[in-house]
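Working notes for the structure below.
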Amino acid sequence: IVEQLIALGRDATVQEVGGLAGVYPGGVRHLLIALKIRRQPRLAARVVEWVFGVLGCLDIIDVTVALTTQARAGEWRAALQLLRLLGQARVDLDTVTCNTAISACGNGGAWGEALKLLRSMARQDVEMSIVSYSNAICACERSAEWRHALDLIAGMAQARVDADTIACNSAVSACAKAGSWEAAFDLLAGMAARSLEADTVTHNAAIS
């Protein structure tokens, strides 16, 4: 079935995908996992759309699997559409689902959308974890948006989320990419004040 789905091509319609997904012996979740393994984000999104169209409801775990496929490919628009479908299905978002969508935005270069998602988590009372912030900071780092990266580091303290080396590495790298060396070294000093040990990645980012 998976091979038949892939053979439909990138422009497969929801109806075409549903015709095959409906007879997949392992069920929707196993199909989505198989599509994730085969790196088929468009088909994964179509499967979710088909499920919602047929049942009018969605399972957040299934959608998160599909979101992971979008994140790997940087398909941020499709990721946001999947979140909208969850909203239409009246499914409350959780931290993992939002984190995955933020990662999709970051990998797709949509740092602004990543920040919007992070802010929406606060509005919807979804717990923001270190991964939430790290994914958003990484999105800023990819686009050298160093000021926003530093704002996120500062925001973590206000949200009582402890910054870690990974988050700081991304922020340092964002500063370095933008040529803001003073900010990068200030952040290194801040890491020491937080008792965070700078590793090889940190130093390489600072001197790159």
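Just to be sure, is LEU35 within 23 Å of GLU127 (Cα to Cα) and assigned to a helix (DSSP H, G or I)?
So LEU35 fails the test.
A quick yes/no check of all residues on (1) without any contact (Cβ under 8 Å) to a residue 40 or more places away in the chain; (2) buried (at least 20 other Cβ atoms within 10 Å of the Cβ); (3) in a helix (DSSP H, G or I):
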{"position": "VAL54", "(1), (2), (3)": "yes, no, yes"}
{"position": "LEU58", "(1), (2), (3)": "yes, yes, no"}
{"position": "VAL63", "(1), (2), (3)": "yes, yes, yes"}
{"position": "ALA79", "(1), (2), (3)": "yes, yes, yes"}
{"position": "LEU82", "(1), (2), (3)": "yes, yes, yes"}
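Quick check: anything in the stretch 30-37 modelled with pLDDT of 95 or more, surrounded by fewer than 15 Cβ atoms within 10 Å (Cβ to Cβ) and under 19 Å from ASP62 (Cβ atoms)? So that I can check it myself, show each step before the final result.
Initial filter on the stretch 30-37 (modelled with pLDDT of 95 or more): 30-37.
With surrounded by fewer than 15 Cβ atoms within 10 Å (Cβ to Cβ) added as a condition, the list becomes 30, 37.
Restricting the remaining residues to those that are under 19 Å from ASP62 (Cβ atoms) gives 30, 37.
There is at least one residue in the stretch 30-37 that is modelled with pLDDT of 95 or more, surrounded by fewer than 15 Cβ atoms within 10 Å (Cβ to Cβ) and under 19 Å from ASP62 (Cβ atoms).
Quick one: count up the residues across the stretch 104-133 that are of a type in the set (Ser, Thr, Tyr), within 21 Å of LEU82 (Cβ to Cβ) and assigned to a helix (DSSP H, G or I).
Residues that pass the stated criteria total 2.
Quick one: in the stretch 171-208, which of the residues that are modelled with pLDDT under 80 and part of a loop (DSSP other than H, G, I, E, B) is surrounded by the fewest Cβ atoms within 10 Å (Cβ to Cβ)? Steps first, answer last, please.
Kept after step one, since they are modelled with pLDDT under 80, are these residues of the stretch 171-208: 190-208.
Subsequent filtering for residues that are part of a loop (DSSP other than H, G, I, E, B) retains 194-199, 208.
On the way: ARG194: 15, SER195: 6, LEU196: 18, GLU197: 9, ALA198: 18, ASP199: 13, SER208: 10.
This residue is SER195.
Pairs needed: first member in the stretch 1-13, assigned to a loop (DSSP other than H, G, I, E, B); second member anywhere, surrounded by 12 or more Cβ atoms within 10 Å (Cβ to Cβ); C-beta distance under 7 Å; at least 6 residues apart or different chains.
Within 7 Å, the pairs are ILE1/LEU20; ILE1/TYR24; LEU8/GLU16; LEU8/VAL17; ARG10/ARG42; ALA12/LEU43; ALA12/ARG46.
The values are calculated or read from the model by the stated rules, or taken from the named source; none is laboratory data. Values in this document were obtained by computation on a predicted structure and should not be read as measured data. Using ideal geometry, Cβ is built from the backbone for each residue, glycine included, and neighbour counts are taken over all protein chains shown.
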